[in-house]
Amino acid sequence: MGKTTGFIDFERNSAPYRDAGARMLDFREIYTEHDVSQLTDQGARCMDCGVPFCQADDGCPIHNLIPEWNDLVYRDRWRDALDRLHKTNNFPEFTGRVCPAPCEGSCCLAVIEPAVTIKNIECAIVDRGFEENWIKANPPLQRTGKKVAVVGSGPAGLSAAARAAELDRANESTIPSYVLLESHSAHAKTIQRYQVGKHVMAEPGYLTLRSDCEFQAGTREAVLDQWLADIDRGQVNIRNDAEVTRISGSKGAFSLALKNGDELEAENVVLAIGLEGSPRKIGTPGEDLPLVQYHLEDPKAFRDEVIVVIGAGDSAIENVLGLAASKNHVYIINRREEFSRAKEGNLALILAAISDPAVAVDCLYGSNVNSVIETPDADEPLAISLNTLEGEVTIACHRVIARLGGVPPRRFVEGAGVSFPNERPDAIPELSRTYETDVAGIYIIGSLAGYPLIKQAMNQGYDVIEYINGNDVEPADYPLLHNQFHCLPFEREPRDVLDLFQRRIPFFSRLNALTFRELILESNVVVTYRAGELLDAAVQQCETLDASLADLPQIPRSAKVIAAGEYLYREGEYASSFFTIVEGEVVLETQGQADVQLSRGRFFGEGSLISGRPRQESARAEGTCILVETPRRIMVKLFNSNEDVRQGVDWIFIVRELKRHFAPDATFDELREVSSQVVLRSFNAGEVLFEAGDIGDSLHIVRRGSVSLQRGVGDRAATVVELRSGQLVGEMALMGDSNRRERAIATVATETIELKRPEFLALMRLNAGNLDGLQNLVSRKLVKTTQMETRPESGGILDFLLSEGLGEATDTLIIDEQLCIGCNNCERACAETHDGLSRLDRAAGKSFANIHVPIACRHCEHPHCMKDCPPDAIHRAPGGQVFIDDTCIGCGNCEVNCPYDAIRMSYPAAEKPSLLRWMLFGHGPGPGEPDAYDGMKNDPEVQQKGKRAVKCDACVNEASGPACVRACPTGAARRIAPEQFIELLG
Amino acid sequence: MFDNIMRVRNYRYFWWCMGSIVVAVGVFATQTSSNEPANGGTWQGLVLGVWAALLIVWLTLLGVRKRSYRFRLGTVQDWTSLHVYLGVGVLVVATLHAGLQFGWNVHTLAYVLMFAVIISGVVGLFTYLSYPRRIADNQQGQNRSQLFGELYELNQQGIKTARSCGPEVQTAAISGIQRTAIGGGVLSQLFARDLSRFETLDGVQQPNPHQAPLIDLVSKRIPRADKHDEVTALQDLLVILCRRQAVIERLRKDIRLQGWLQAWLYVHVPLTAATLTAVVVHILVTFIYW
């Protein structure tokens, strides 16, 4: 604002029209020439308002920076004024003449005086620009011809390309404005590689599909055919066998290098390449020969061939076994001298196959490939040359299959300049609300963006093209947010509620809008009302909504309404969700005593989230509250993508642990300094925290996992105690005896908080009263460990139980071999109470000292099976039981992730026929043959449903408790919680 | 480690059974020997008879309870424990009901059948209490299918090694491995009978109990071998055959013990059906010919 009193000193004086008579004789300008001195005075009238209505939505549709260039004109800086004008306006020479000037209508000065002559000034600036020859054409350096290059033709990429094709059609454009690049010879590479006939699910059921391609659950073939038809129908511009090797450039001018040497240009790039990555090549001459392949769809397709398989992982082994079973002679080339990466089952099978002379499998250990060449021999057209332990060897063969794992796509994405928030293998690049990465013009959608389900990916493909074309569409899942916010005490648009929530929770305020929306979509909104009419009305409203949603295949979330004063969770319950307070207050209670009061913006529940153990406190909502309850899965995803959130939760966890163990009465502020000095440590299973004989100057608080303490050396070393999350390890070193008496080993993957002597002393100074309690704890533990040391047989049992994974178990089926008569009534009871399928294998599993641990779920603290479940079908009940619900899509991830083989994929069991139908007509499984019956497998209806993951749910739905235990006639089967281990030690 | 069926809930069901016996004896003792003998003819006898019949019906229901997987009253172990105690207790109640009067009639038939059921039950109880431990000790942490897996491996190795030996040993060892018999009919399983054989060079089949004759044959051949290579092969074969012997013995013992664990039920259950029938006949006859 050049002149503060300009609007008082000068009056409005707009440029007059030329005389009407003169204007009738020509087609020239209707205004008189610009009077520069007049215009600078007129520019001085602008008040540079705090809220410039002239440039807001109602004032200027293109948001011209009006006060800025008014000021520059007053200061006689016409060139600068022109630049500011061109910043938002490409054609001021038109708008300065023909615009109806709503800016002047919304000018603040117009409230008391005539408005500033904005339109005149604008016109004068641009006319001056032409006069002075400042305005020059500014064409782009290169014309790309393509607006968007979509990389990857899976569901996300295909849907994006189909949308772009549809928009081209709407614009009547004959040349496609996009290109879809696929590295494979056909669309949707990952789904092409599913096994033949695999059933593809359409989850989640309640999400509407918004795409120009169609998709519904069906076999792999049906889905692929449908998409192929969509490509034809939409005339999608797809380029197969076009593997992108590098992306460079910036928005408006990206350059994509293809493997065959071509270069493509595009203004924007959409990456929809999934997570699978490209297979790692052999890296020697001949790696791209047609008979050298990097995957194997169906081993039965080959017969009586000599095949060389390179690799020693599970997929290599499975291929070898499959090929050998269909009468091929298979060589397996292992770079190392053992199969160290293979699963135990595969290891046993491959070693048996190698040593069995009747099976045509030969293994070359310690061998590397030199080259692969084509030979003129029509019978065995390839020759592979190898460096083996015994020198160079050449094998003539029909084909070479290399299974050397995949190159994860991260490198490639980083190569384009996109950054990842951290080094974790599952990190996801941070994306804006429109799926744009930190490189403007590069967008990421689908599983690479953290959305593994087909329907989500297809919707994102549609949306991203709309965003790139400047259409700010609401995402297809917007109605779901409506449901979630339905019972809040106020009514607002979901977009506004999201804004409000994010502002209210400082912890989440720095998340980008896309991540936050996703977080809320996956969370429960919990609303509490004081008992009374409001509560009744809200409950009623929720019930009505739920009833209206009940027809959907899966019911989406709606807000959970409870009465004020009710418990959100209670001490001892198994749950790992994380709560944040949007409104109201929550009281945390320990052993019935109110402990902490938390208000708006604070969070709680992080203890169980991190440790996987039951809740250490109860939480009760006071008055009217709005809370967001986020499941562990989503929080873990957030931790991996956002360092701030992870550190924030870690810090609170540390403070609350320090307070619980050492300084119950200290305030958060008092603990701030100490908590910033402790260290978080992680240990792999089997790693040592400290050795016996070390001089210790720290203690550990187990944060997750478990630690065993061993006394004695060599063969005589025996475990004397096992410590779990929330317990202290090595505290003796800080309380008198600095010599470590035991060796501490992590029994499973473990995290601890390490506290050194100075911090420990600082804590003790804060709270001297608790020293007594700590000392008592140490004394008790000393007695226990020393007693255990004198009973080595008990240590042996403890070691066995820990080796069987009981270090992370919460509820394990144990069988006393001295009582078990092998009647299998446990398995039968399990099958009878679980749709005809037993979830335990009594006879399998290991035994030691008459304790048998059968193959059955251990209900781990941090269930491995829950880690990677696309439809989020695995849950934990408040009682700790881990179970799989009906939304399982049969992907088999949990089966692979379970280290105890406690999950299997199974077709539904046959319905049991009546005794007479079974006896007279041979229908279905008879009495006592629940699992053995295979008749269902060929039933088309069963095949349509596909296999589902089946595991022990500890009879969470049975009022009478676990059926296996209750059905054991001799009492041999019992379910054991960790604290009951001691009973097993005799 | 855990409580067995006798010790369940601190012998709760033992005391229940004792209580019921004391009451039964008490009822019996109130009979005054006037003009009627102390049997089912008196009101006390009738009460004891009804009590015994109800007990028999309830004891039979264990088979139903075992298969009612959602039943909520007590665990199957509770029911089994009470079944054992009351099963023995019913002998006392029924004897008191009979007033120790026996004869060649349908009434005594019911009693005898019931007695046989109880005896078979006691045998079963003995196997349940002692055999699982013996089975576990014998298995040494390997279950039956793992033992068979090990045997299969040893067989393959044995045949391979035998091929490097002279014709006499080769024929005997390979046929001995192929003609090893484990299990078989009911009696073979229950008494661990060994019907294994092997073939000599002249095609004669010899019995091969406990694999001992075959091992003997191989061991005798070792000092008489001509070539060094053959000695090595024979030594290897001997080791394999001895390991096979141990595994086969363990398997046979496992089959025998598991067999007995189930065999008694094939007596107990049919006899129970017979007893129930006899009791029904006894009741009908009693009331028709009152």
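Observations on the model:
- Residue B:135 vs. criteria part of a helix (DSSP H, G or I) and buried (at least 18 other Cβ atoms within 10 Å of the Cβ): yes
- Strands (runs of 3 or more DSSP E) contained entirely in region A:656-708, each with at least 2 residues that are farther than 20 Å from residue A:778 by Cβ and open to solvent by 50 Å² or more (accessible area, probe 1.4 Å): A:679-683
- The residues of region A:518-574 that are crowded, with 20+ Cβ neighbours inside 10 Å, part of a strand (DSSP E or B) and touching a Ser or Thr at 6+ places or on another chain (Cβ under 7 Å), listed by number, are A:528, A:529, A:569.
- For region A:96-115, the set of residues classified as part of a helix (DSSP H, G or I) and either within 23 Å of residue A:51 (Cα to Cα) or without any contact (Cβ under 8 Å) to a residue 24 or more places away in the chain (or both) consists of A:96, A:98, A:102, A:103, A:104, A:105, A:108, A:109, A:110, A:111, listed by residue number.
- Filter result for the condition that a residue is surrounded by fewer than 20 Cβ atoms within 10 Å (Cβ to Cβ) and either away from every other protein chain (no Cβ under 14 Å) or not hydrophobic (A, V, I, L, M, F, W, C) (or both), over B:147, B:187, B:129, B:96: B:187
- Hits in region B:207-235 - residues which are surrounded by 15 or more Cβ atoms within 10 Å (Cβ to Cβ) and within 28 Å of residue B:183 (Cβ to Cβ): B:208, B:211, B:213, B:214, B:215, B:217, B:218, B:219
- Here residue A:859 meets each of (1) touching a His at 6+ places or on another chain (Cβ under 6 Å); (2) more than 19 Å from residue B:4 (Cα to Cα) with one exception, condition (1).
- Residue A:409 being under 30 Å from residue A:517 (Cβ atoms) and in contact with a Ser or Thr (Cβ under 6 Å, 6 or more places away or on another chain): no
- In region A:283-335, residue most open to solvent (accessible area, probe 1.4 Å) [restricted to those that are over 13 Å from residue A:398 (Cα atoms) and over 37 Å from the mean Cα position of the chain (by Cα)]: A:327
- Flag if residue A:430 is surrounded by fewer than 13 Cβ atoms within 10 Å (Cβ to Cβ) and at pLDDT 80 or above: no
- Residue A:972 of a type outside the set (S, T, N, Q) and at pLDDT below 90: no
- Region B:1-12, subset open to solvent by less than 60 Å² (accessible area, probe 1.4 Å) and touching a residue at least 60 places away in the same chain (Cβ under 8 Å), residue farthest from the other protein chains (Cβ to nearest Cβ): B:6
- Selected residue (only one of A:330, A:359, A:372, A:308 is over 22 Å from residue A:193 (Cβ atoms) and at pLDDT 90 or above): A:372
- Scanning region A:240-258 turns up at least one residue that is surrounded by 19 or more Cβ atoms within 10 Å (Cβ to Cβ), in a loop (DSSP other than H, G, I, E, B) and at pLDDT 90 or above.
- Residues of region A:371-388 that turn out to be in contact (Cβ under 8 Å) with a residue 40 or more places away in the chain and not β-branched (Val, Ile, Thr), as a count: 6
- Some residue of region A:495-503 being open to solvent by less than 20 Å² (accessible area, probe 1.4 Å) and assigned to a strand (DSSP E or B): no
- Considering region A:59-75, and only residues there that are in contact (Cβ under 8 Å) with a residue 40 or more places away in the chain and over 48 Å from the mean Cα position of the chain (by Cα), the residue that is surrounded by the fewest Cβ atoms within 10 Å (Cβ to Cβ) turns out to be A:75.
- Scanning region A:799-833 for residues that are of a type in the set (A, V, I, L, M, F, W, C) and more than 14 Å from chain B (Cβ to nearest Cβ), we see that the one that is most open to solvent (accessible area, probe 1.4 Å) is A:802.
Conditions tested, residue by residue: (1) under 28 Å from residue A:863 (Cα atoms); (2) in contact with a strand residue (DSSP E or B) (Cβ under 8 Å, 6 or more places away or on another chain).
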position	(1), (2)
A:787	no, no
A:808	yes, yes
A:825	yes, no
A:835	yes, no
A:844	yes, yes
A:848	yes, no
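- Condition met for residue A:354 (outside any strand (DSSP E or B), within 14 Å of chain B (Cβ to nearest Cβ) and of a type outside the set (Phe, Trp, Tyr)): yes
Conditions (1) away from chain A (no Cβ under 14 Å); (2) at pLDDT 95 or above; (3) over 30 Å from residue B:114 (Cα atoms), marked per residue:
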| site | (1), (2), (3) |
| --- | --- |
| B:233 | yes, no, yes |
| B:238 | yes, no, yes |
| B:241 | yes, no, yes |
| B:263 | no, no, no |
| B:278 | yes, yes, no |
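- Scanning region A:882-894 turns up no residue that is within 14 Å of chain B (Cβ to nearest Cβ) and either open to solvent by 30 Å² or more (accessible area, probe 1.4 Å) or closer than 21 Å to residue B:77 by Cβ (or both).
- Whichever residue in region A:966-986 is of a type in the set (Val, Ile, Thr) and more than 7 Å from chain B (Cβ to nearest Cβ) and, among such residues, is farthest from residue A:833 (Cα to Cα): A:982
- Cβ-Cβ under 8 Å pairs, at least 6 apart or on other chains, region B:54-74 side farther than 15 Å from residue B:85 by Cα, far side open to solvent by less than 60 Å² (accessible area, probe 1.4 Å) and assigned to a loop (DSSP other than H, G, I, E, B): B:66/A:967; B:66/A:969; B:69/A:967; B:70/A:958; B:70/A:960; B:71/A:960; B:72/A:960
- Which listed residue, of B:43, B:58, B:15, is under 27 Å from residue B:274 (Cβ atoms), open to solvent by 40 Å² or more (accessible area, probe 1.4 Å) and in the same structural domain as residue B:279 (by TED's automatic domain parsing): B:58
- Scope region A:834-869; condition assigned to a loop (DSSP other than H, G, I, E, B), within 21 Å of residue A:799 (Cα to Cα) and within 14 Å of another protein chain (Cβ to nearest Cβ); matching residues: A:849, A:850
- Residue check, residue A:895 part of a helix (DSSP H, G or I) and either at pLDDT below 85 or closer than 28 Å to residue A:614 by Cα (or both): yes
- Taking every residue in region B:135-156 that is more than 14 Å from residue B:246 (Cβ to Cβ) and of a type in the set (D, E, K, R) and pairing it with any residue that is at pLDDT 90 or above and open to solvent by less than 30 Å² (accessible area, probe 1.4 Å), at least 6 positions away or on another chain, the pairs with Cβ-Cβ distances below 6 Å are B:144/B:254.
The values are calculated or read from the model by the stated rules, or taken from the named source; none is laboratory data. Predicted, not measured: the structure shown is a model, and the values here were computed from it. No Cβ is skipped: glycine too gets one built from the backbone with ideal geometry, and neighbour counts run over all protein chains shown. Accessible surface is based on the protein model in full, side chains and every heavy atom, while ligands, DNA and RNA are left aside. Shrake-Rupley method; radii C 1.70, N 1.55, O 1.52, S 1.80 Å.
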